[in-house]
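Asks: Let me begin by handing over the structure; questions about it come next.
The values are calculated or read from the model by the stated rules, or taken from the named source; none is laboratory data. Nothing here was measured: the structure is a model prediction, and the numbers come from that model. We place every Cβ from the backbone using ideal geometry, glycine too, and count neighbours over all the protein chains shown. Side chains are part of the model used for accessible areas, which takes the heavy atoms of the whole protein and leaves out ligands, DNA and RNA. Shrake-Rupley method; radii C 1.70, N 1.55, O 1.52, S 1.80 Å.
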Amino acid sequence: MGSIPEPAYLYKNVVHSPTEPSVQSAKGMYIHLDNGQIILDATGGAAVCGIGHGVELEYSHPGYFPNAPAMQLADLLVESTGGKMSRACILGSGAEAVEAARKLSYQYSAEENPDARRTKFISRRGSWHGCTLWSLSLGDFKLRKARFTSILPPNVTHVSACDLYHALRDHEDLETYVARLKQELDEEFQRQGPDTVCAFSLEPVAGTALGCVPAVPGHLEAMREVYDRYGALLVFDEIMCGMGRTGSMHAWQVDGVVPDIQLVGKGLAEGYGTISALLINDRVVFGLRRGGGYFVHGQTYQSHPLGGAAAVEVQRIIKKNILVSNCRKMGEYLGLQLKLHLGHHPHVGDIRGRGVSCAVEFMEDNASKTAFNSNLTLSKRLQTKELEKGFDICLFAVTGAVDGWNGDHFLLAPPYTVGKQDVDEIVSRVVKVIHSVFEDIYALRQQHSRH
């Protein structure tokens, strides 16, 4: 007989499976376990439950009892990777997942080789990983980061993102471009000291700051090769692009490059619960086993049952209605329609994305890729116009894709349920907003030229 597979759920201990009974229900001060025990909760979890438990469990500290929704969600997540990842740690916000990934990467490296000095991290320019101090340091969204530079952790450096529109050189093919990025990363390892780098974090499809830029074929594989060469970890931040939005359950599945640690968040519960997760592969699990078996991390609302239950139900609906496939099909249609109606606009520089995650970027001059002067505040004009009566649409307008400060683009990320008629209506309203904004700009410039 084969061995019983270990649960995918991870709180702290990777050596012992969570064999404790899980919570079946709770009321008042008492927690009813699935083995028949009735536990008097004299701690309120971790001083959380001030008005007592409801009929269903709203909270239990994961250090005491695993709960069924969290364990079910962990199994679901690991299964969705085809077993390429082996454990799931259920957390709260996306930034919490970024923080936890940093700690896990460092702990793994320290336990694998206690004499090593792997305290440095590499990320990419134009990335966005969240608003906490560590995630700001890891990211490169300058408009949100600059005010806090003096208090950010100093152990992060940045290399170029995979960004065809802004960075592909004249007469350079994709293979040469990927090789150039690979060489840059290798040189950054050498500059930092190969045995001092802990992990490299990247978004397989860059989100907010760069605007829905997918990795080109071969890029993730090239990054993987460098990190394997030097024994560091590869971390994929799929908080925005993962869980189906870009047309595959996990963005890395398109390229077939498996990360050591993966972050998921936004698409996990689709806003019905506050939840994120870390997925880790066997390499990291085995490293923790050799080092004592514990991930030294824990937060009050980790593995929260309500967030877990929401995520499990959302994923059930996505699977039942084949919505990941719909994201892929409608994403292709959305891209085609945007290019059809905006591709010849004199100030639309690029239309890009994957699945129902796409962006439109503007340029003052398309031929030279010269961005609009930031004083024009094009993104703010778009945000103001879009919500006016008669336009009635939400666009996610952003600045800084060119160099962190300059450049204007907006993101579209409709629900997974979007249909062709919805796409047509989205594009119609987007076109209306853009034409109106540029009419205002042209009129303003004519007015200034007369004076």
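Asks: List every residue pair whose Cβ atoms lie under 7 Å apart, where the two residues are 6 or more positions apart in sequence or sit on different chains, the first residue falls within the range 84-103 and is free of Cβ contacts under 8 Å to residues at least 40 places away in the same chain, and the second residue, located anywhere, is open to solvent by 20 Å² or more (accessible area, probe 1.4 Å).
Replies: Within 7 Å, the pairs are Glu99/Thr132.
Asks: What are the residues in the range 67-106 that are of a type in the set (D, E, K, R), outside any helix (DSSP H, G or I) and farther than 21 Å from Ala309 by Cα, if any?
Replies: Lys84
Asks: Of the residues that sit in the range 391-402 and are without any contact (Cβ under 8 Å) to a residue 40 or more places away in the chain and part of a loop (DSSP other than H, G, I, E, B), which one is nearest to the chain's Cα centre (by Cα)?
Replies: So, considering only residues that are without any contact (Cβ under 8 Å) to a residue 40 or more places away in the chain and part of a loop (DSSP other than H, G, I, E, B), the one nearest to the chain's Cα centre (by Cα) is Leu395.
Asks: Being open to solvent by 60 Å² or more (accessible area, probe 1.4 Å), under 22 Å from Ala209 (Cα atoms), among the charged types (D, E, K, R) and modelled with pLDDT of 95 or more narrows it down to one residue among Asp365, Asp408, Asp350; which is it?
Replies: Checking each option against the conditions leaves just Asp365.
Asks: Output the residue which, of all residues in the range 146-188 that are among the aromatic types (Phe, Trp, Tyr) and either touching a His at 6+ places or on another chain (Cβ under 9 Å) or in contact (Cβ under 8 Å) with a residue 60 or more places away in the chain (or both), is farthest from Met243 (Cα to Cα).
Replies: Tyr177
Asks: Does Ala397 qualify as being among the hydrophobic types (A, V, I, L, M, F, W, C), touching a His at 6+ places or on another chain (Cβ under 8 Å) and modelled with pLDDT under 95?
Replies: So Ala397 fits the description; yes.
Asks: Next up: Can you name the residue in the range 299-335 that is modelled with pLDDT of 95 or more and outside any helix (DSSP H, G or I) and is also least open to solvent (accessible area, probe 1.4 Å) among such residues?
Replies: Asn321
Yes or no, residue by residue, for (1) at pLDDT 95 or above; (2) under 20 Å from Ala179 (Cβ atoms):
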residue	(1), (2)
Glu221	yes, yes
Gly231	no, no
Met249	yes, no
Gln253	yes, no
Val258	yes, no
Val264	yes, no
Gly271	no, no
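Asks: Could you look through the range 368-390, keep only residues that are in contact (Cβ under 8 Å) with a residue 40 or more places away in the chain and in contact with a strand residue (DSSP E or B) (Cβ under 7 Å, 6 or more places away or on another chain), and pick out the one that is surrounded by the fewest Cβ atoms within 10 Å (Cβ to Cβ)?
Replies: Lys369
Asks: Report yes if Leu338 is part of a helix (DSSP H, G or I), hydrophobic (A, V, I, L, M, F, W, C) and either closer than 30 Å to Glu270 by Cα or in contact (Cβ under 8 Å) with a residue 60 or more places away in the chain (or both), otherwise no.
Replies: It is true that Leu338 is part of a helix (DSSP H, G or I), hydrophobic (A, V, I, L, M, F, W, C) and either closer than 30 Å to Glu270 by Cα or in contact (Cβ under 8 Å) with a residue 60 or more places away in the chain (or both).
Asks: Show the residue pairs meeting these rules: Cβ distance below 6 Å; 6+ apart or different chains; first residue within the range 299-313 and over 16 Å from Val23 (Cβ atoms) and touching a residue at least 40 places away in the same chain (Cβ under 8 Å); second residue open to solvent by 10 Å² or more (accessible area, probe 1.4 Å) and part of a helix (DSSP H, G or I).
Replies: Pairs that qualify, where the first residue is over 16 Å from Val23 (Cβ atoms) and touching a residue at least 40 places away in the same chain (Cβ under 8 Å) and the partner is open to solvent by 10 Å² or more (accessible area, probe 1.4 Å) and part of a helix (DSSP H, G or I), are Thr300/Ala46.
Asks: Tell me yes or no: at least one residue of the range 180-187 is assigned to a helix (DSSP H, G or I), open to solvent by less than 40 Å² (accessible area, probe 1.4 Å) and touching a Cys at 6+ places or on another chain (Cβ under 8 Å).
Replies: Yes, because at least one residue in the range 180-187 is assigned to a helix (DSSP H, G or I), open to solvent by less than 40 Å² (accessible area, probe 1.4 Å) and touching a Cys at 6+ places or on another chain (Cβ under 8 Å).
Asks: State all residues of the range 267-323 that are farther than 24 Å from Ser25 by Cβ and hydroxyl-bearing (Ser, Thr, Tyr); if no residue qualifies, say none.
Replies: Ser276, Tyr294 - these are the residues of the range 267-323 that are farther than 24 Å from Ser25 by Cβ and hydroxyl-bearing (Ser, Thr, Tyr).
Asks: Output yes when any residue across the range 217-229 is in contact with an Asp or Glu (Cβ under 7 Å, 6 or more places away or on another chain), of a type outside the set (A, V, I, L, M, F, W, C) and either open to solvent by less than 10 Å² (accessible area, probe 1.4 Å) or in contact (Cβ under 8 Å) with a residue 60 or more places away in the chain (or both), and no when none is.
Replies: So far as the range 217-229 goes, no, none of its residues is in contact with an Asp or Glu (Cβ under 7 Å, 6 or more places away or on another chain), of a type outside the set (A, V, I, L, M, F, W, C) and either open to solvent by less than 10 Å² (accessible area, probe 1.4 Å) or in contact (Cβ under 8 Å) with a residue 60 or more places away in the chain (or both).
Asks: Now for a different question. Among the residues in the range 372-381, are any under 23 Å from Asp163 (Cβ atoms), of a type outside the set (Phe, Trp, Tyr) and part of a loop (DSSP other than H, G, I, E, B)?
Replies: yes
Asks: Further question on the same structure: Mind listing whichever residues of the range 267-279 are touching a helix residue (DSSP H, G or I) at 6+ places or on another chain (Cβ under 7 Å) and either open to solvent by 50 Å² or more (accessible area, probe 1.4 Å) or closer than 15 Å to Val78 by Cα (or both)?
Replies: If the condition is that a residue be touching a helix residue (DSSP H, G or I) at 6+ places or on another chain (Cβ under 7 Å) and either open to solvent by 50 Å² or more (accessible area, probe 1.4 Å) or closer than 15 Å to Val78 by Cα (or both), then Leu268, Glu270, Tyr272, Thr274, Ser276, Ala277, Leu278, Leu279 are the ones that fit.
Asks: Here's another thing I want to ask about it. Only one of these conditions is not met by Gly126: (1) closer than 17 Å to Leu288 by Cα; (2) not in a helix (DSSP H, G or I). Which number is it?
Replies: Condition (1) is where Gly126 drops out.
Asks: Okay, moving on. Give the residue that is modelled with the highest pLDDT, with candidates limited to residues of the range 107-119 that are assigned to a helix (DSSP H, G or I) and of a type outside the set (S, T, N, Q).
Replies: Going through the qualifying residues, I end up with Tyr108.
Results for (1) of a type outside the set (Phe, Trp, Tyr); (2) open to solvent by less than 30 Å² (accessible area, probe 1.4 Å); (3) at pLDDT 95 or above, shown as yes or no for each residue.
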residue: Ser105; (1), (2), (3): yes, yes, yes
residue: Phe121; (1), (2), (3): no, yes, yes
residue: Gly130; (1), (2), (3): yes, yes, no
residue: Ser137; (1), (2), (3): yes, yes, yes
residue: Val156; (1), (2), (3): yes, yes, yes
residue: Val159; (1), (2), (3): yes, yes, yes
residue: Asp173; (1), (2), (3): yes, no, yes
residue: Thr176; (1), (2), (3): yes, no, yes
residue: Glu203; (1), (2), (3): yes, yes, yes
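Asks: A follow-up question, please. Out of all the residues in the range 236-251, which are farther than 17 Å from Gly126 by Cβ and open to solvent by less than 10 Å² (accessible area, probe 1.4 Å)?
Replies: Gly242, Met243, Gly244, Thr246, Gly247, His250
Asks: I'd like to know if the range 339-347 contains one or more residues that are open to solvent by less than 60 Å² (accessible area, probe 1.4 Å) and touching a Ser or Thr at 6+ places or on another chain (Cβ under 9 Å).
Replies: Among the residues of the range 339-347, not one is open to solvent by less than 60 Å² (accessible area, probe 1.4 Å) and touching a Ser or Thr at 6+ places or on another chain (Cβ under 9 Å), which makes the answer no.
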